[in-house]
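The values are calculated or read from the model by the stated rules, or taken from the named source; none is laboratory data. Since we're looking at a predicted model, the values are computed, not measured. Because the Cβ atoms are built from the backbone with ideal geometry, glycine has one as well, and the counts that use them run over all protein chains shown.
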């Protein structure tokens, strides 16, 4: 076995980590941390959350007991390997994610040993088995308190057993950090370095059988930026098509923003059955998607809706390199990952990104305008089908991410709104309002570019912004009073977004279909799943016929009007004009309720929120008469065709 000190001989650093994957079949990683302490009784800590995902995930729950040894400087590596070390102590836990080493003194070299259980398939943690070795260092690497700015050397030790039944040439390391690669008879050793702990934890890695392609794009100074795309998991993707489309999307960002806050970029993707998610990093992104979202061998010129979803995810996480990693909420500049970092601006960073990601698909020409409008209509429909938009502002939603967004329950849609969904539509409205108030000269893209310019002027190439900063910059492009009114109504307030008039002013017609949603998706204002026992209720909309009858989430409706309950029976009585008797089980108790499908609209405030219309968007026919020539905003080109002012 290669010793930790030998792995670091060529690149000396103050802190060394060795991650040994010998027990990959048990989903365990054995970690050795070696450092020289600069204090007595040093402490080690692990983050409780990972930047970009705002929930206390308590990664320390996957670490078992932590032990440590105080190494005599005179001991050789040979003596250490032969267990001639001093006594091994058990670290003392002082809180849920902190361990103290009470016997250690300043100036001593310490070896710390612990194991981490890694069996979470999400992009936020770590996953280890015979197919893949994946990890975020927020889940794996204990930080040395007070020495977080010290240089770091990492060794990833992969046993020969991991390569059994694999073509070794196809097993690749994907990581945004440059890596060295050594091989012995018993293992493969990958080495990476980071300037600090906070840098290290922004570089996930994956070791697995992966397909890979490279592409380059150019900034406005004609400098090339290299990109790598890694794809793991079982799939039959059209890699050539994916390379072509990603190149166009990434180049569009460079055309707009001029340059990038990175020299190279890595896409890390794992194809699974149903899982979906992405997380941004300094110069990479980690993605997990259903394999059906990948382009097929015979993918049509216009991407399928599944493939569009994947391209939108790539676009979303890629833009975060500018708009989260470079320009970020002020509380995220020097953030403590052991406690929450509250900000009202998640709607700005995730909302702007959720608007721009799909916009860039059509701006780059990967999808057409009609496809983009369909994606936008889906956002609008989700917004209309969320009664909680009348209860929670998008700024409040930003605060509540820590307690609500990742913990959906049956009441989520009634009580709140997603800052991704409504944030995207607020961004759309702000974009169109900027166009209107500036007579077509400025738009949201200019706001983003102005903040990015500020970041580049700072020594660390980053900037943290507050709500006041938003007003200051937006005030450069539209009257401050108009922004303050917009913020009062749509950011801090719950006033309905003026989507229809703003879109109409830009040549987009909004069409409603009241029957499609009411009949097919939320009969009686509830969502159900058909089971052998009957209809299991998953959600009940506030003030709906189901809610007023006393139907609740988790109820199992067994009979409707005396007939066994199923979707067809429910649809049959969706618009009934008389009371309908329903028999149901709540837990193990039989109950009977009477549903009045037709609620008096005078008694139900905001019935359209219970049975929302399904909308579609269409380009208005372009006219050439004098009236339309006067106002260019009434043609679709002012909004969809040109990022007006943003590329200047």
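For residue 489, indicate whether it is part of a strand (DSSP E or B) and under 31 Å from the mean Cα position of the chain (by Cα).
no
Among the candidates 391, 385, which residue alone is surrounded by 16 or more Cβ atoms within 10 Å (Cβ to Cβ) and under 21 Å from residue 499 (Cβ atoms)?
385
Which of (1) in contact (Cβ under 8 Å) with a residue 60 or more places away in the chain; (2) in the same structural domain as residue 138 (by TED's automatic domain parsing); (3) outside any helix (DSSP H, G or I); (4) closer than 27 Å to residue 275 by Cα does residue 236 not meet, given it meets every other one?
It fails just one condition, (2).
Just to be sure, is residue 481 under 24 Å from residue 341 (Cβ atoms) and not in a loop (DSSP other than H, G, I, E, B)?
no
As an exercise: evaluate residue 417 against (1) under 19 Å from the mean Cα position of the chain (by Cα); (2) crowded, with 18+ Cβ neighbours inside 10 Å; (3) touching a residue at least 40 places away in the same chain (Cβ under 8 Å) and give the number of the one condition it does not meet.
Exception for residue 417: condition (3).
Taking residue 192 as meeting all but one of (1) out of contact with any helix residue (DSSP H, G or I) (no Cβ under 7 Å at 6 or more places or on another chain); (2) surrounded by fewer than 14 Cβ atoms within 10 Å (Cβ to Cβ), write down the number of the exception.
(2)
Going by what's in this entry, would residue 242 be described as out of contact with any helix residue (DSSP H, G or I) (no Cβ under 8 Å at 6 or more places or on another chain) and either assigned to a helix (DSSP H, G or I) or at pLDDT 95 or above (or both)?
Yes.
Give just the number: which of (1) surrounded by fewer than 19 Cβ atoms within 10 Å (Cβ to Cβ); (2) under 20 Å from residue 118 (Cα atoms); (3) under 28 Å from the mean Cα position of the chain (by Cα) does residue 200 not satisfy?
(1)
May I ask you to say which residue of 455, 504, 427, 415 is out of contact with any helix residue (DSSP H, G or I) (no Cβ under 9 Å at 6 or more places or on another chain) and on the phi < 0 side of the Ramachandran plot?
On inspection, the qualifying residue turns out to be 455.
Out of (1) modelled with pLDDT under 95; (2) surrounded by 18 or more Cβ atoms within 10 Å (Cβ to Cβ); (3) within 34 Å of the chain's Cα centre (by Cα), what's the single condition that is false for residue 555?
It is condition (1) that residue 555 fails.
If a residue must be free of Cβ contacts under 8 Å to residues at least 60 places away in the same chain and closer than 20 Å to residue 152 by Cβ, how many such residues does region 99-139 contain?
1
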